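The block underneath contains the structure these notes are about, expressed in structure tokens.
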Amino acid sequence: MRKLLIFLFCCYIGVARAQQLPVDTAAAKVIATTENGATKFTSELRPLRPIAGAPAPFYTYFWEFGDGGFSFEKEPIHYYKTTDSVKVRLYATNNYDDGKRPPTKPKPIKPAATKPMIASNNSENPSFFKMGGSIEMKSNCMPKPGDDMMLVFGYRNKLESGQQNVSGTLAILFNDKEFNNNNFVLAETRTYHQEKQTELKPLLNSAYVREKKNNPVYYASTNHELADPYNEKILLKDKLNDFKDARSWKFTDLKSNEERFVFMHFKTTPEMVKDTNAVVRISAAFIPDNPLLETEFFNMELQIVASHDPNKMVLRKSRMNFRFTGKHRELTYKIRFQNTGKGPAKKIDVAVNIPAVFAPITLRVTNTKPEVVNCDSAYAGQSCLKTIRGADSVHFVFNNIYLPGLQQAGVKDADSTMGFVEYKIRFKEKPKKLPIKSGAAIVFDKNEPIYTNRAVGRFKMGLSPALIIGYGFPFETDNRNYLNNKNFVIGGSLAPYAPHRSYWQAEIYLNSFKENTFLVNVVSGGLKDTTVNRTSYRVDRKTYYRTNKIMTINAVPMQFRYNISKYFGAGAGALVAVDVYHKSIDEINYRLISPQNGAATSLDVVANENIDRYTNIRTSFFADIQIGLVRVGPALGLRYIYDPKTSTNRMASYVTWKF
């Protein structure tokens, strides 16, 4: 009875705790109400869970209304053109929350009233085309490995094109070749204007994209490259070379000033770049059939995140090739911020720590949002940016600005609550091959600082081949003379390029071929007579010889090395010698005496011949030291080798040169 009561009490406690915990798997619930031709949407979402030390958590929203319209508002109002049944989807993103994002579950609704719509199905929302081009993209969140991401691809027929109807091709390019793994899978595409999937290959050699020679203008997480008649044309296929995957659709009869939208559901792969500082790209192309109209390209840059946080610091091209990184290498940093409060911010202080490898004097601001002038040239009360440099930090202070709050009354455009500062900086000298870490703190007016992630620059491993010339090799230790000959040998090694401290290295040496003949034994007396070519002889002596022909590969499959300093290193590993070819020949030499005249003659006979392959593997262990330019360049090494099988040891010296 006592055990039963304990069991029931534990079950009660478990159920009570389960009821208290928020359910991350609960789907976002969509609530739709229609009045006077307008459909208002609200939602029910799981409670948010604050993260200690972080700002208050909140949701951001992306609504897809099922007819080609959408909204990023919390409680949008939408007007439908028809009363046909549609499926509404809500993608809610949990910011500063330690749980999972609420799953999306389509909700079928049947609008009760209609409203005539002009051109765009999104007329009740702020303008989507902020860059002024024919295409633009926007995502509902930054990509998180193993999560979902929605992308809105908008295209339009601008009034200034002067065309009543435009037809052509849309293309989306994703999965940068820069990264080994695919970052995205395009799970589903929803179109609402009879766009038909098509092949992009027929356009690769005819469609041109005009590349801007000057720096692009960045807006939030995107940058737009419009065609410029004064800049160089390149083929579309050249742009495709940067991506692994592409999809394209044919569109027709795009009327003057009409806007259309395509919705793409991307699944981010769990194998996505694990570096939450890395930036991936998705690019879109607008290719009109009319050759007189310009082809346009739109690039979206997305930072991989571990959690959804609108305040981020990112380093462009964070994976660098150390071989080509020197004093004049310039890195580009970008700090994004968003006012998530209920009121506007008038002053924003972005404080950034500068790693010691950089020269602060080389820092220059390249772009900001809001766009402001330098405070040194501003008049009294003008919006401006003041840059305050320190020995190991810099403050970017936005003064006299107006950045609306995300929760501020009347604010519908989330983009208007966002800003950024972008700067470039150079190294003092060629850096060490170590990660470069930097972070930022953002202060809105007099509020508590918000700390961003740390932007980390890492160097690619790279490969460093090396030439080795040694004395005292090969490594075999055996009792046979043909194995103990001390000689010179040439080989090579492969290791990471210019490692700072510890690394692994492999070595292989040219095949050695040895031939050795030695005496086995001699027999004299008591031998039987023999006949050769019908002539009788007396066998005076019989001598046994053996000849070995051996071809050996010497290698170090793996060794651990450690650079103590720039000029001194040490290592340890295993040496392996493999006889890839071993031919053994047994020969007998007969000394024959003629009975007639006592003349002596000699006769050689092959008694046995045997060939073995890969039959003998010998392993020794070693430790060594190197002095010289041990990271890249020439160095002198001294290696102690021990064979546990024969309990023998030896010393070997070598010179190596890493490239």
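Which of the residues that make up segment 252-268 are part of a strand (DSSP E or B) and under 18 Å from residue 159 (Cβ atoms)?
Passing the criteria: 253, 254, 255, 259, 260.
Looking only at strands (runs of 3 or more DSSP E) that fall completely inside segment 461-555, which ones have 1 or more residues that are over 25 Å from residue 631 (Cβ atoms) and modelled with pLDDT of 85 or more?
It comes to 512-524.
Report, ordered by the first and then the second residue, all pairs with beta carbons closer than 9 Å, sequence separation of six or more or different chains, a first member in segment 512-532 that is more than 28 Å from residue 549 (Cβ to Cβ), and a second member that is exposed (fewer than 12 other Cβ atoms within 10 Å of the Cβ).
If the second residue must be exposed (fewer than 12 other Cβ atoms within 10 Å of the Cβ), the pairs left are 529/595.
What single numbered condition from (1) in contact with a strand residue (DSSP E or B) (Cβ under 9 Å, 6 or more places away or on another chain); (2) among the acidic types (Asp, Glu); (3) at negative phi fails to hold for residue 253?
Every condition holds for residue 253 apart from (3).
What residue, of 604, 612, is within 24 Å of residue 528 (Cβ to Cβ), in the same structural domain as residue 556 (by TED's automatic domain parsing) and either touching a strand residue (DSSP E or B) at 6+ places or on another chain (Cβ under 8 Å) or of a type outside the set (S, T, N, Q) (or both)? Full working, then the answer.
On the way: 612 fails: within 24 Å of residue 528 (Cβ to Cβ).
Unique residue meeting the criteria: 604.
For segment 38-65, how many residues meet the condition of being buried (at least 18 other Cβ atoms within 10 Å of the Cβ), modelled with pLDDT of 90 or more and not in a strand (DSSP E or B)?
2
Only one of these conditions is not met by residue 394: (1) under 30 Å from residue 150 (Cα atoms); (2) out of contact with any Lys or Arg (no Cβ under 8 Å at 6 or more places or on another chain). Which number is it?
(1)
A quick yes/no check of all residues on (1) assigned to a loop (DSSP other than H, G, I, E, B); (2) farther than 21 Å from residue 309 by Cβ:
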residue	(1), (2)
376	no, yes
381	yes, yes
391	yes, yes
397	no, yes
408	yes, no
412	yes, yes
422	no, no
425	no, yes
438	no, no
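Please enumerate the residues belonging to segment 69-91 that are in contact (Cβ under 8 Å) with a residue 60 or more places away in the chain and closer than 16 Å to residue 260 by Cβ.
Passing the criteria: 69, 70.
Out of 593, 617, 641, 564, I need the residue that is surrounded by 17 or more Cβ atoms within 10 Å (Cβ to Cβ) and touching a strand residue (DSSP E or B) at 6+ places or on another chain (Cβ under 7 Å). Which one?
It is 641.
For residue 606, indicate whether it is of a type in the set (A, V, I, L, M) and either under 29 Å from residue 433 (Cβ atoms) or surrounded by 12 or more Cβ atoms within 10 Å (Cβ to Cβ) (or both).
No: the conditions fail for residue 606.
Checking the condition at pLDDT below 90 and not in a helix (DSSP H, G or I), which residue from 32, 27, 16 passes?
Exactly one residue qualifies, and that residue is 27.
The values are calculated or read from the model by the stated rules, or taken from the named source; none is laboratory data. As the structure is a computational prediction, the values presented were derived from the model and not from experiment. Cβ: placed from backbone, ideal geometry, glycine included. Neighbour counts: every protein chain shown.
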